[in-house]
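Note sheet for the following structure.
The values are calculated or read from the model by the stated rules, or taken from the named source; none is laboratory data. Everything numeric in this text was worked out from a predicted model, so none of it was measured. All Cβ positions, even for glycine, are placed from backbone atoms using ideal geometry, and neighbour counts span all protein chains on display. In case anyone asks, the SASA skips ligands and DNA or RNA and just uses the protein heavy atoms, side chains included. Shrake-Rupley method; radii C 1.70, N 1.55, O 1.52, S 1.80 Å.
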Amino acid sequence: QVQLVESGGGSVQPGDSLRLSCAASGRYAMGWFRQAPGKEREFVSAISWGGRTTVYADSVKGRFTISRDNAKSTVYLQMNSLKPEDTAVYYCAVDSSSRGGSTSRSEGEYDYWGQGTQVTVSS
């Protein structure tokens, strides 16, 4: 069983930054997803087990950066230039079967999920 602990959400103004953290009980390929009120959960970003491959949704490319600290088994999502449309519950997830440089944008590839952390961007 993989344990995930998320932190770093909060309420900020447009243009501000936040960093989300997700501590896992091991090293895995991981992703971030988000779900806004009344909408389906959507892919945000993912990072490979090795850490060299990262992918982003078009809506966050250039503003968000995913990274990992393998010594701490933690993945981060640095979110800059936040917009009101970034408001959502953010979830980290583990793809426990992936190794090397593979990543996935598909929810179905992820088998463990964090509890979610709220990010609110409002003036």
Note to self: Where in the chain is the longest stretch that carries no trypsin sites (Lys or Arg not before Pro) classed as loop by DSSP and with at most 13 other Cβ atoms within 10 Å?
What the structure shows: 1-38
Note to self: Probe of 1.4 angstrom, ligands and nucleic acids ignored: what's the accessible area per residue over the chain, in square angstrom?
What the structure shows: 49 Å²
Item checked: Calculated P(r) of region 1-110 - Cα pairs past 18 Å, % -> 44 percent
Item checked: Gained length - residue 27 relative to residue 59, 0.36 nm times residue gap less alpha-carbon distance -> 8.8 nm
Margin query: Rounded to the nearest percent, how much of the accessible area of the chain (1.4 Å probe, protein heavy atoms only) is carbon and sulfur?
Written below: 43 percent
Note to self: Need the list of lysines near residue 83 for cross-linking: C-alpha distance under 20 angstrom, and skip anything on the same chain fewer than eight residues off.
What the structure shows: 39, 61
Margin query: Using a Gaussian network model on the chain with a 10 Å cutoff between Cα atoms, which of 46, 23, 57 fluctuates the most?
Written below: 57
Next item on the list: Express in nm, to one decimal, how much length is gained between residue 97 and residue 42 on full extension, taking 0.36 nm for each residue of separation and deducting their alpha carbon distance.
Entry: 17.7 nm
